[in-house]
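Single-structure report; data block below.
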Amino acid sequence: MEKTEPIQNHVPEEKILVLDFGGQYNQLIARRVREQNVYAEIRPYNRITVREIAQAGYRGIIFTGGPNSVYDEKSPHYDPTVLDLGIPVLGICYGCQLMAWMAGGQVKSAESGSEYGKTMLHVEDNPLFAGVPHTSSCWMSHTDYIAQPPAGFHISARTEKCPCAGMADEGRKLYGVQFHPEVTHTAYGVQMLKNFLFTVCGCTGNWNMEDFVQKKVAQYRKELAGKKVLCALSGGVDSAVAAVLMHRAIGDNLTCVFVDHGLLRKNEGDWVESIFRGQFGMNLIRANVQDRFLTKLAGVTEPERKRKIIGEEFIRVFEEEARKLGKVEVLVQGTIYPDVIESGAGDASTIKSHHNVGGLPEVMEFERIVEPLRDLFKDEVRKVGLELGIPEKLVYRQPFPGPGLAVRIIGDITREKLAVLREADAIFREELDQSPIKAQASQYFAVLTDTRSVGVMGDMRTYGYCVALRCVTTDDFMTVDWTHIPFEVLEKASSRITGEVPGVNRVVYDITSKPPATVEWE
Ligand code: XMP
């Protein structure tokens, strides 16, 4: 395979470094900064040196929290000269203790000094706390505490149990807080972050999605002039936004390939085609390979085997279509920032294969792989999508697994079962879309179980399929709750499915959370 190199992304003028010491809220910190229209990037503490920080032109640094104790030898430490760069620093929780420790203060561990949860905070007047009342609530989660701030620092905040809930060296623009300003339980946390960004670091907040689109389009128009570019469309949000952005930059030099494997939901293939070819006038190849996938999947019941077959066949189809186009120089991928963080924490050399297009770069040769969205969180990708004129229905689309309905049909997959599931699923989604509970539901769909049961319709005994309905509420899909759908909605969905979908005589609702279950049944 030829060496592929992602194009360097446009570097925004104002940026904040979130130096990651392993805390659970690190992505949240970056998002909170970006909500203020200041670009923030997360880098693990052991993947960036003080020299690199100095050269990168950061306006400010935030040390994140972390689960360790600074006295533990194995805990993450950092070169103390970072405090001498003249770049403002805000240390949060472990980051605050680390800052104290690095600068020669005293950190102690005492069970009696530990605090977890909402706590009353008392602050003094200083630039970080401008506009913050002297007493307000904050969110604490720590065992160690700062017993003695380092020379040059003074105590700027207290709680009942914590003698140093905040410290500051205003002259050097170094601030630390023991609590978490990034979580909503800290009543004035956003105000504190704003103070840090705008007053302490001198940011202006000039990073926005409109600018992002304009700059990316100009960049790719220049860099990719005359190149043939390929993009795999899954119908999901990320690849759609990446493709439309690229189309705006290079027009007909972009070709999109949409593999219709026959495992999509009702009318979905036509819908995807109508948006990209109809609305945006893009070069779109729709590979109608439904039969090919069904043949490969015939008789396969094991979930992982299904996924593997679909993933491999997908690549094969994509390759065949690409080959027909002649030499293609560039591949566009819809990788987004959480993928980058998970797959190597911001290391530009890591190329993550698209979730739905498993491993394409491994088998194909391109001069370059371009990932226009690799700096963006999902909500930012959605904003870019809207900015580009992509319909809301697509921009706010629920996640849909790459292997499609294959993992929602338990047991072997047949044309008949696919038809049954498509209809049942469409009815359930239609009913939920009309209900106010939709606002609380993150993902909802039907599953065709491999159970058949006895029923009665008219005077006739039936032996039909059992359909399961699934609806979940979640922020991140790592853990989910089952949604408390009103009985009336379930009743209507059930009676419509059994009445309108031949072959189904029983409907059940899945009331399991994750864990112990997963969202998908397979
Ligand atoms: P699970 O079932 O793992 O699902 O709790 C969590 C979220 O991920 C989606 N999902 C997938 N998405 N390819 C995807 O692109 C897959 O193979 C896949 N499997 C699960 C699922 O729909 C849910 O939103």
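In segment 224-308, which helices (runs of 4 or more DSSP H) lie fully inside it and hold 3 or more residues that are hydrophobic (A, V, I, L, M, F, W, C) and either away from the ligand (no atom under 16 Å from the Cβ) or under 19 Å from GLU319 (Cα atoms) (or both)? Please lay out each step first, then the result.
Details: elements: 237-250, 268-273, 290-297.
Counting at least 3 such residues, we get 237-250.
Please work out which residue is nearest to VAL177 (Cα to Cα), limiting yourself to segment 25-66 and to residues that are over 23 Å from the mean Cα position of the chain (by Cα) and small (Gly, Ala, Ser).
Within segment 25-66, the match that is nearest to VAL177 (Cα to Cα) is GLY60.
Does segment 104-117 contain at least one residue that is touching a Cys at 6+ places or on another chain (Cβ under 8 Å) and modelled with pLDDT of 95 or more? Outline the logic, then answer.
Let us first name the residues in segment 104-117 that are touching a Cys at 6+ places or on another chain (Cβ under 8 Å), namely 113, 115.
Imposing the further condition that a residue be modelled with pLDDT of 95 or more reduces the set to none.
No, the conditions are met nowhere in segment 104-117.
For segment 470-507: of the residues being among the hydrophobic types (A, V, I, L, M, F, W, C) and within 16 Å of the ligand (Cβ to nearest atom), which is nearest to LEU448 (Cα to Cα)?
The first filter runs over segment 470-507 and keeps only residues among the hydrophobic types (A, V, I, L, M, F, W, C), leaving 471-472, 477-478, 480, 482, 485, 487, 489-490, 493, 497, 501, 504, 507.
Of the ones still in play, those that are also within 16 Å of the ligand (Cβ to nearest atom) are 471-472, 477-478, 480, 482.
Details: CYS471: 14, VAL472: 17, PHE477: 22, MET478: 23, VAL480: 21, TRP482: 18 Å.
Among residues in segment 470-507 that are among the hydrophobic types (A, V, I, L, M, F, W, C) and within 16 Å of the ligand (Cβ to nearest atom), the one nearest to LEU448 (Cα to Cα) is CYS471.
Look at CYS466 and say whether it is surrounded by 12 or more Cβ atoms within 10 Å (Cβ to Cβ), within 16 Å of the ligand (Cβ to nearest atom) and not aromatic (Phe, Trp, Tyr). Steps first, please.
Working: surrounded by 12 or more Cβ atoms within 10 Å (Cβ to Cβ): yes; within 16 Å of the ligand (Cβ to nearest atom): no; not aromatic (Phe, Trp, Tyr): yes.
Spelling it out, it is not the case that CYS466 is surrounded by 12 or more Cβ atoms within 10 Å (Cβ to Cβ), within 16 Å of the ligand (Cβ to nearest atom) and not aromatic (Phe, Trp, Tyr).
Can you name the residue in segment 146-184 that is under 32 Å from the mean Cα position of the chain (by Cα) and among the polar types (S, T, N, Q) and is also modelled with the highest pLDDT among such residues?
Out of the qualifying residues, it is GLN178.
Search segment 421-444 for residues being surrounded by fewer than 22 Cβ atoms within 10 Å (Cβ to Cβ) and more than 26 Å from ASP475 (Cα to Cα), and hand back the single one that is nearest to the ligand (Cβ to nearest atom).
Across segment 421-444, the extreme among qualifying residues is ARG422.
Would you check which residues across segment 54-84 are crowded, with 20+ Cβ neighbours inside 10 Å, over 14 Å from GLY23 (Cβ atoms) and of a type in the set (Val, Ile, Thr) and list them?
Matches in segment 54-84: ILE61, VAL82.
Restricting to segment 492-508, and then to whatever is surrounded by 17 or more Cβ atoms within 10 Å (Cβ to Cβ) and hydroxyl-bearing (Ser, Thr, Tyr), can you tell me which residue is nearest to ARG470 (Cα to Cα)?
Only one residue tops the list, namely SER494.
I'd like to verify a number: residues in segment 179-212 that are surrounded by fewer than 21 Cβ atoms within 10 Å (Cβ to Cβ) and aliphatic (A, V, I, L, M), how many?
Residues in segment 179-212 being surrounded by fewer than 21 Cβ atoms within 10 Å (Cβ to Cβ) and aliphatic (A, V, I, L, M): 4 in total.
Taking segment 508-522 on its own, how many of its residues are in a loop (DSSP other than H, G, I, E, B) and more than 6 Å from the ligand (Cβ to nearest atom)?
Taking segment 508-522 as the starting set, the residues that turn out to be in a loop (DSSP other than H, G, I, E, B) are 510-513, 515-522.
Now drop any that are not more than 6 Å from the ligand (Cβ to nearest atom), which leaves 510-513, 515-517, 521-522.
Looking only at that region, the number is 9.
Being basic (Lys, Arg) and either within 16 Å of the ligand (Cβ to nearest atom) or farther than 16 Å from GLN333 by Cβ (or both) is the filter here, so list the residues in segment 206-223 that pass it.
Our first condition is that a residue be basic (Lys, Arg); within segment 206-223, this holds for 215-216, 221-222.
If the condition is that a residue be basic (Lys, Arg) and either within 16 Å of the ligand (Cβ to nearest atom) or farther than 16 Å from GLN333 by Cβ (or both), then LYS215, ARG221, LYS222 are the ones that fit.
If you check every pair at least six apart or on different chains, which have Cβ atoms under 7 Å apart with a residue in segment 468-489 that is within 20 Å of GLN434 (Cβ to Cβ) and of a type in the set (D, E, K, R) first and a residue that is more than 10 Å from the ligand (Cβ to nearest atom) and assigned to a loop (DSSP other than H, G, I, E, B) second?
Partner pairs satisfying both residue conditions: ARG470/ASP510.
Conditions: (1) modelled with pLDDT of 95 or more; (2) touching a Cys at 6+ places or on another chain (Cβ under 9 Å); (3) under 28 Å from ARG34 (Cβ atoms); (4) among the aliphatic types (A, V, I, L, M). MET140 meets all but one. Number of the miss?
So MET140 meets the others, but not (1).
The values are calculated or read from the model by the stated rules, or taken from the named source; none is laboratory data. Just so it is clear, the structure is predicted and the values come from calculations on it, not from any experiment. No Cβ is skipped: glycine too gets one built from the backbone with ideal geometry, and neighbour counts run over all protein chains shown.
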